[in-house]
Amino acid sequence: WPPVVTSPRGHLAIGGADALGLVERFGTPLYVLDEAAIRRRCRAYREAMGDAGVVAYAAKALCTTAVLRIMDQEGLWLDLVSGGELHTALSAGFPPARVLLHGNNKSDEELRLAIEVGVGRVVVDNFHELERLAAMARAAGRTVPVLLRVAPGVEAHTHEFIRTGQQESKFGFDLATGQALEALDRVLDEPALDWYGFHCHIGSQILAVEPWEQAARIMMDLAAEAHRRTGRFVRELDLGGGLGIRYVPGDEPPSIAETVTRIRTAVARLADERGLPVPRLILEPGRSVVGEAGVTLYTVGSVKRVPGLLPYVAVDGGMADNPRYALYRALYTAVLANRPLDEPAERVCLVGRYCESGDVLIPEIDLPRVEPGDVVAVFSTGAYNYSMSSQYNRFPRPAMVLVRDGEAAVIVERETYDDLVRHDRIPPSLAREG
Ligand code: LLP
């Protein structure tokens, strides 16, 4: 890894398409998605899950109508967090009955839309939401299926994980102080709400399975307590998303198959040990479905060589299309797409074109000697790149193409300068005189 496959022209190939061919046709920067790679991961999740439960794609990782259409075709559910994501799903024709609606501060408008279209589950985060949802469901004469989100006190940081008695989190009902069970009492008192179970999410880019096994234990203890207290069984247990992917050589996440199988096995065993029926398992992967399926192509503009410093290789994108180094010091790897097999000749700093020093894509990377006009391919950009992109410095957002069997189709148009001013208004007070 990284997966360097070459085209007949000797360029990097993505999903069977020549990367330089894509650049000639669609320009740069360009987000490229390999459809087969996405579908393989959807299938790995579904096969490992079998009849034990459902896989809900966390659309926050990458949300466009074409991507959600693929998730529909692959039989996944969706984990959505906003009215905008829900609107995208509805625009893609995604059945709302397979949608979970998340959010720690859902608006009345979002809850109303969720009730109206009949989303599969509303994942209730707090007491205020619980009251509003119940009142709105009653008013609409509907019964809303709900999960209760719990802060389980398991926090996973990639390899190591720490357990805190009282996790500080803005998400979910607190476990340690008994609020999760109070919320359950409240839901069970409310005929307009139909309780399915509990949810938790322990982190992202997790590179070991143990944190989920630990979360499963805490959640099944909660399920046992809920049963003692109310006589009700947990029908569903949602353990969130978080499986990590490969960004740089050396990253070794457990496979999707291993992760899901071990979580499934743990939940079944834990239920058995507690004399509870095995709940239907829900997982909400985002990054591990689309992350490695994405590559971003950039054209090199200036190369600045200053004695004593790493050469600065500046490309035509940067922190607005991929803010993850600026935000998290996240690392990536890259090759030159026009000569991917050339030996590395120098260590460079790959930067963007945005007006601040923090606009770095990769702080240190070994590449062949880079010249203006070279095309850089950055790997594993499918998740949390486009979905966190901005128009900083008023650069239009890049296009996104989906590649299948060597054929590319635009799934997000490149923004234009007119798009940048489309929502701008000049008030009458600023009208030109004369
Ligand atoms: N479910 C819930 C409730 C979540 O909060 C998240 C991610 C997921 C599922 C999906 O997690 P995944 O499988 O993608 O790790 N912007 C950050 C990642 C934020 C993740 C937030 N929640 C980044 O670029 O790394």
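Taking T299 as the residue in question, decide whether it is within 30 Å of V370 (Cβ to Cβ), away from the ligand (no atom under 16 Å from the Cβ) and over 22 Å from the mean Cα position of the chain (by Cα).
Yes; evaluated as a whole, the condition is true for this residue.
Please pick out the residue among T64, T6, T28 that is at pLDDT 95 or above, of a type outside the set (A, V, I, L, M) and more than 25 Å from the chain's Cα centre (by Cα). Show your work before the answer.
On the way: T64 fails: more than 25 Å from the chain's Cα centre (by Cα); T28 fails: more than 25 Å from the chain's Cα centre (by Cα).
Only one candidate passes the filter, namely T6.
The rows are residues; the columns are (1) under 18 Å from the mean Cα position of the chain (by Cα); (2) modelled with pLDDT of 95 or more; (3) outside any loop (DSSP other than H, G, I, E, B).
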| residue | (1), (2), (3) |
| --- | --- |
| E213 | no, yes, yes |
| T259 | yes, yes, yes |
| G275 | no, yes, no |
| V278 | no, yes, no |
| G291 | yes, yes, yes |
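A quick yes/no check of all residues on (1) assigned by TED's automatic domain parsing to the domain that holds G241; (2) assigned to a strand (DSSP E or B); (3) among the hydrophobic types (A, V, I, L, M, F, W, C):
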site	(1), (2), (3)
L341	no, no, yes
R347	no, yes, no
Y354	no, no, no
S357	no, no, no
L361	no, yes, yes
P396	no, no, no
V401	no, yes, yes
R414	no, no, no
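When the residues of segment 72-115 are narrowed to those that are of a type in the set (V, I, T) and closer than 21 Å to C200 by Cα, which ends up farthest from the ligand (Cβ to nearest atom)?
The qualifying residue farthest from the ligand (Cβ to nearest atom) is V99.
Tell me yes or no: at least one residue of segment 396-409 is farther than 15 Å from L22 by Cα, away from the ligand (no atom under 16 Å from the Cβ) and either crowded, with 18+ Cβ neighbours inside 10 Å or among the charged types (D, E, K, R) (or both).
The answer is yes; a qualifying residue exists.
Taking segment 110-158 as the search range and keeping residues that are without any contact (Cβ under 8 Å) to a residue 12 or more places away in the chain and among the small types (G, A, S), which one is surrounded by the most Cβ atoms within 10 Å (Cβ to Cβ)?
So, considering only residues that are without any contact (Cβ under 8 Å) to a residue 12 or more places away in the chain and among the small types (G, A, S), the one surrounded by the most Cβ atoms within 10 Å (Cβ to Cβ) is A135.
Does segment 371-389 contain at least one residue that is under 28 Å from Y325 (Cα atoms), surrounded by fewer than 16 Cβ atoms within 10 Å (Cβ to Cβ) and in contact with a strand residue (DSSP E or B) (Cβ under 6 Å, 6 or more places away or on another chain)?
The answer is yes, given that some residue of segment 371-389 is under 28 Å from Y325 (Cα atoms), surrounded by fewer than 16 Cβ atoms within 10 Å (Cβ to Cβ) and in contact with a strand residue (DSSP E or B) (Cβ under 6 Å, 6 or more places away or on another chain).
Inspect all residues belonging to segment 247-264 and state whether any of them is within 12 Å of the ligand (Cβ to nearest atom), more than 15 Å from A44 (Cβ to Cβ) and out of contact with any helix residue (DSSP H, G or I) (no Cβ under 9 Å at 6 or more places or on another chain).
No: zero hits.
May I ask you to verify whether T416 is surrounded by fewer than 22 Cβ atoms within 10 Å (Cβ to Cβ), under 29 Å from A66 (Cα atoms) and hydroxyl-bearing (S, T, Y)?
Details: surrounded by fewer than 22 Cβ atoms within 10 Å (Cβ to Cβ): yes; under 29 Å from A66 (Cα atoms): yes; hydroxyl-bearing (S, T, Y): yes.
Considered against the rule, which asks whether it is surrounded by fewer than 22 Cβ atoms within 10 Å (Cβ to Cβ), under 29 Å from A66 (Cα atoms) and hydroxyl-bearing (S, T, Y), T416 comes out as yes.
State all residues of segment 316-342 that are over 20 Å from the mean Cα position of the chain (by Cα) and closer than 21 Å to S7 by Cβ; if no residue qualifies, say none.
A334, V335, L336, A337, N338, R339, P340, L341, D342
A quick yes/no check of all residues on (1) part of a helix (DSSP H, G or I); (2) among the small types (G, A, S); (3) within 16 Å of the ligand (Cβ to nearest atom):
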position: R217; (1), (2), (3): yes, no, no
position: A223; (1), (2), (3): yes, yes, no
position: A226; (1), (2), (3): yes, yes, no
position: R229; (1), (2), (3): yes, no, no
position: F233; (1), (2), (3): no, no, no
position: L237; (1), (2), (3): no, no, yes
position: A266; (1), (2), (3): yes, yes, no
position: R269; (1), (2), (3): yes, no, no
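Residues E190, E182: which one is surrounded by 18 or more Cβ atoms within 10 Å (Cβ to Cβ), away from the ligand (no atom under 16 Å from the Cβ) and either more than 25 Å from R287 (Cβ to Cβ) or not basic (K, R) (or both)?
E190
Check F171 against each of (1) surrounded by fewer than 22 Cβ atoms within 10 Å (Cβ to Cβ); (2) modelled with pLDDT of 95 or more; (3) outside any strand (DSSP E or B) and name the one condition it does not meet.
Going through (1) surrounded by fewer than 22 Cβ atoms within 10 Å (Cβ to Cβ); (2) modelled with pLDDT of 95 or more; (3) outside any strand (DSSP E or B) one by one, F171 breaks only (2).
Starting from residues that are of a type in the set (S, T, Y) and in a loop (DSSP other than H, G, I, E, B), keep the ones in segment 54-107 and report whichever is surrounded by the most Cβ atoms within 10 Å (Cβ to Cβ).
Per the stated criteria, the residue is T64.
Would you call V335 in contact (Cβ under 8 Å) with a residue 60 or more places away in the chain and either on the phi > 0 side of the Ramachandran plot or more than 16 Å from the ligand (Cβ to nearest atom) (or both)?
Against the criterion (in contact (Cβ under 8 Å) with a residue 60 or more places away in the chain and either on the phi > 0 side of the Ramachandran plot or more than 16 Å from the ligand (Cβ to nearest atom) (or both)), V335 qualifies.
Considering only residues that are surrounded by fewer than 16 Cβ atoms within 10 Å (Cβ to Cβ) and of a type outside the set (G, A, S), which ones fall in segment 340-352?
Result: L341, D342, E343, P344, E346, R347.
The values are calculated or read from the model by the stated rules, or taken from the named source; none is laboratory data. Because the structure is predicted, anything quoted here is derived from the model rather than measured. Cβ coordinates were reconstructed from backbone atoms using ideal geometry, including for glycine residues, and neighbour counts include every protein chain displayed.
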